[in-house]
């Protein structure tokens, strides 16, 4: 039923069993990193919840295109990227109505962690007593930011990053060479959507070079770091608005991969998996460096800061100071 989706076979098997036995809970919570197919799984599951005839490709297409009248999708809105109380009130209203043409209604709430407290409390009420002909699929990449009371009222399914070999094989189907596919798979960190973005991005050399020059130094003067950060900020915001946040995300992935490469070297693992092959000699000289867990935490703080519209140069300064670059 979910064969066209890459990865997470344990989820495929579990959902298929539920569908076949018709023992389907009214509320799911899909948890896992961005870009591993959670939303695609949600829409595919919606098809099986809404249709009596699984051979009807026209219904499946309407759901995939998000234009079915009984499929309701809620995403964060506004500059703060949140779910306001008005959205949840609309969900409750729609859930109280009869399905328009399907046997049931499905509500998908993406990035459910970005919800105001008032909205979370309103959501709790419908989770406690869902309508019999309505199903809800909540999606999150930050489970720790969701109220425990919300989690306890859902059927929680944890998705895992896609294996590098699977992403590599997919990229080769798209026409990438084996070497290109390996590099992109390593950088994607188990995310198919990130692999797709990286595969389609070009002209990233200038920002990458500045980053590698900063990371390669044993130490950098604070005033020099500020100058480099100013250059980076100008470079990012010379891009169109739709590219800025994607390139910031890619930039942060390069930071993580740098320290991942150092970890591989220091633990005498296979050098074939090192992304920055041309910097191996420099990385071998590094003695004091943060763990990958510490790097991940710093990167998460930067992403959150950017989401909250904190100045990029302030976020980058916090990142590099946290990495003990100065």
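Values quoted throughout were computed directly from the atomic coordinates according to the rules given, and no laboratory measurement underlies them. Everything numeric here is computed off the predicted structure, so don't read it as measured data. Cβ: placed from backbone, ideal geometry, glycine included. Neighbour counts: every protein chain shown.
Key figures for this structure:
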| item | result |
| --- | --- |
| Helical contribution to [θ] at 222 nm, DSSP H n ≥ 4, -39,500 (n - 2.57), averaged over the chain, rounded to 500 | -16500 deg cm²/dmol |
| Gyration tensor over alpha-carbon atoms, the stretch 32-190, equivalent ellipsoid semi-axes in Å | 31, 22, 13 |
| Virtual paramagnetic centre 7 Å along Cα→Cβ of residue 118, amide N under 18 Å, in the stretch 70-101 | 76-93 |
| Exposure proxy ranking, count of Cβ atoms within 10 Å, fewest first, for 153, 75 | 75, 153 |
| Helix 222-236 vs. the chain, principal-axis angle (Cα, 0 to 90°, nearest 10) | 50 |
| Average projection area in nm² (convex hull over Cα atoms of the stretch 165-229, one quarter of hull surface) | 5.5 |
| Order of 154, 285 - criterion: other Cβ atoms within 10 Å of each residue's Cβ, fewest first | 285, 154 |
| Chain lengthening between residue 326 and residue 267 when straightened (0.36 nm per residue, less Cα-Cα) | 18.7 nm |
| Residue 53-residue 125 FRET efficiency (beta carbon distance; Förster radius 30 Å; 0.05 resolution) | 0.30 |
| Alpha carbon convex hull of the stretch 201-322, volume per residue in cubic angstrom | 105 |
| Square roots of five times the Cα gyration tensor eigenvalues for the chain, Å | 40, 23, 17 |
| FRET E, pair residue 213, residue 132, Förster distance 56 Å, beta-carbon r, rounded to 0.05 | 0.40 |
| Counting DSSP beta bridges with both ends in the stretch 1-144, the antiparallel % (nearest 5) | 5 |
| Relative compactness, the stretch 225-293, computed as alpha-carbon Rg over 2.2 N^0.38 Å | 1.34 |
| Helix 205-216 vs. the chain, principal-axis angle (Cα, 0 to 90°, nearest 10) | 60 |
| Most mobile of 168, 105, 217 in a GNM of the chain (Cα contacts under 10 Å) | 217 |
| FRET efficiency for residue 237 and residue 75, using Cβ-Cβ distance with R0 set to 30 Å, rounded to 0.05 | 0.75 |
| Values of log10 I(q)/I(0), in the order q = 0.09, 0.15, 0.22 Å⁻¹, for the stretch 142-264 under a Debye, Cα-only, solvent-free model | -0.36, -0.86, -1.24 |
| As computed over the stretch 1-115, the Cα convex hull volume per residue (Å³) | 118 |
| Virtual paramagnetic centre 7 Å along Cα→Cβ of residue 149, amide N under 15 Å, in the stretch 93-121 | 116-121 |
